[in-house]
1. Those residues that are within 21 Å of the chain's Cα centre (by Cα) and without any contact (Cβ under 8 Å) to a residue 40 or more places away in the chain, I need them from region 249-285; list them, please.
2. Starting from residues that are exposed (fewer than 14 other Cβ atoms within 10 Å of the Cβ) and in contact (Cβ under 8 Å) with a residue 24 or more places away in the chain, keep the ones in region 47-75 and report whichever is nearest to THR254 (Cα to Cα).
3. Within region 203-237, how many residues are within 19 Å of PRO260 (Cβ to Cβ) and of a type in the set (D, E, K, R)?
4. Check region 253-269 and report whether any residue there is under 20 Å from PHE201 (Cα atoms) and either touching a Gly at 6+ places or on another chain (Cβ under 6 Å) or of a type in the set (Asp, Glu) (or both).
5. Would a scan of region 195-206 turn up a residue that is surrounded by 14 or more Cβ atoms within 10 Å (Cβ to Cβ), within 17 Å of THR266 (Cβ to Cβ) and free of Cβ contacts under 8 Å to residues at least 60 places away in the same chain?
6. With the structure loaded, tell me whether VAL196 is β-branched (Val, Ile, Thr) and under 21 Å from PRO146 (Cα atoms) or whether it fails that test.
7. Enumerate the strands (runs of 3 or more DSSP E) found wholly within region 60-158, keeping only those where 1 or more residues are over 22 Å from HIS32 (Cα atoms) and not small (Gly, Ala, Ser).
Amino acid sequence: MRRRTILSAAAWPWLGALASPTSARAANVEPHFATPEEAAEALIGGPDRAYIDGLNLREMRARWPSMPQTQDPDAGRAALRAFYAARTRSFTDTERSALADIVAWCSERVAPRSTLFARTPWSFVKVDGSVEGGMPHTRGDSIVLPAPFLARMVEASARWANGSRATTRPGADVLLHEQTHVLQRQQPARFESLHVDVYGFRRMSPPPRSTWHDTHVVANPDAPELCWAWQRPEAAGGSWIVPSVVLPDGAAPTLDAMQPVALEVTQREGRWSFVDDATLARAPALGAVRDYGARFDWTDENFHPNELTADLVALWLLEGTPRNGASTLFGAACDWARTHLA
């Protein structure tokens with residue numbers, strides 16, 4: 001899930017960098033564009049049904065601020081499923097053409113680095129801007145694109161027609177980020193060694209539970225496993241933290257209010273536990289944990305290993321080698337990608 005998706009000159013300095021509209025035909029790439037009926041099934045059923053099943057009432061209301069009042073989580077989930085199913089949309093011919101060109105551009109460029117990506121099919125679902133806060137994300141084997149984001153992408157494609165070319169085209173990094181999530185869902189074991197051996201995360205099994213966490217956490221459809229702990233350096237006390245996204249007490253019930261935080265956990269006799277609820281409620285913002293941010297310095301989408309990896313893989317596929325000033329960890333992660341995503 002990408003929180004920053006505005007196709008603006010500030011966010012996309014390469015705005016004019018778009019591929020030829022004939023490239024999709026040259027690459028023989030044919031993405032699948034879901035019908036509204038297929039899209040509804042992808043959103044509320046299928047193998048990802050457990051995602052909505054696990055939502056708490058606060059985060060359901062954050063996803064749908066006008067959700068009918070209820071204290072019954074099952075009733076809330078049924079209402080949210082109906083709400084999402086009614087918000088699927090058909091792709092226009094213009095949108096299909098623009099996405100096909102971006103996919104072909106990506107496929108041509110990533111094939112020399114990753115045959116795995118080159119042979120992974122592309123599938124798209126279109127929804128209105130109310131689903132998951134209007135953020136691109138994935139369900140099953142499909143990338144879910146909100147209509148407002150898609151409109152900006154199509155506009156960028158139109159600008160290309162009369163613009164100059166640059167190294168990278170707008171939208172490519174977002175789509176490669178999301179396609180990485182598709183692969184993470186299809187082949188989770190493939191990424192385990194990156195999370196553990198390269199990043200230094202520890203899988204907590206079973207994951208700890210607490211009343212505060214269960215009622216404040218905001219689930220991420222692209223990172224459903226809340227089981228990863230990371231140990232801070234000894235100089236910072238050596239404590240274990242779980243990067244997480246929560247809705248703080250008193251926050252407005254919208255996804256705009258969610259905040260990445262560092263929740264402290266402890267391990268005794270092989271069993272993981274959160275610290276007490278009062279301490280969790282005072283958890284520092286993840287951005288304030290400087291040693292964590294310094295280690296994963298290639299992105300601010302650092303609130304889950306899946307998100308770290310999705311940004312890393314998109315950068316590696318597009319750039320190939322670490323950039324000047326990149327951390328040693330970024331280089332090691334790119335080395336992992338060359339071996340495991342070939």
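Every number here is computed from the coordinates shown, using simple stated rules; none is lab data. As the structure is a computational prediction, the values presented were derived from the model and not from experiment. Here Cβ is always computed from backbone atoms with ideal geometry, including for glycine, and neighbour counts include all displayed protein chains.
1. Within region 249-285, GLN259, VAL261, ALA262, ALA285 qualify.
2. PRO65
3. Residues that pass the stated criteria total 4.
4. Within region 253-269, one or more residues are under 20 Å from PHE201 (Cα atoms) and either touching a Gly at 6+ places or on another chain (Cβ under 6 Å) or of a type in the set (Asp, Glu) (or both).
5. Looking through region 195-206, at least one residue is surrounded by 14 or more Cβ atoms within 10 Å (Cβ to Cβ), within 17 Å of THR266 (Cβ to Cβ) and free of Cβ contacts under 8 Å to residues at least 60 places away in the same chain.
6. Judged against the criteria, VAL196 is not a match.
7. Strands (runs of 3 or more DSSP E) meeting the threshold: none at all.
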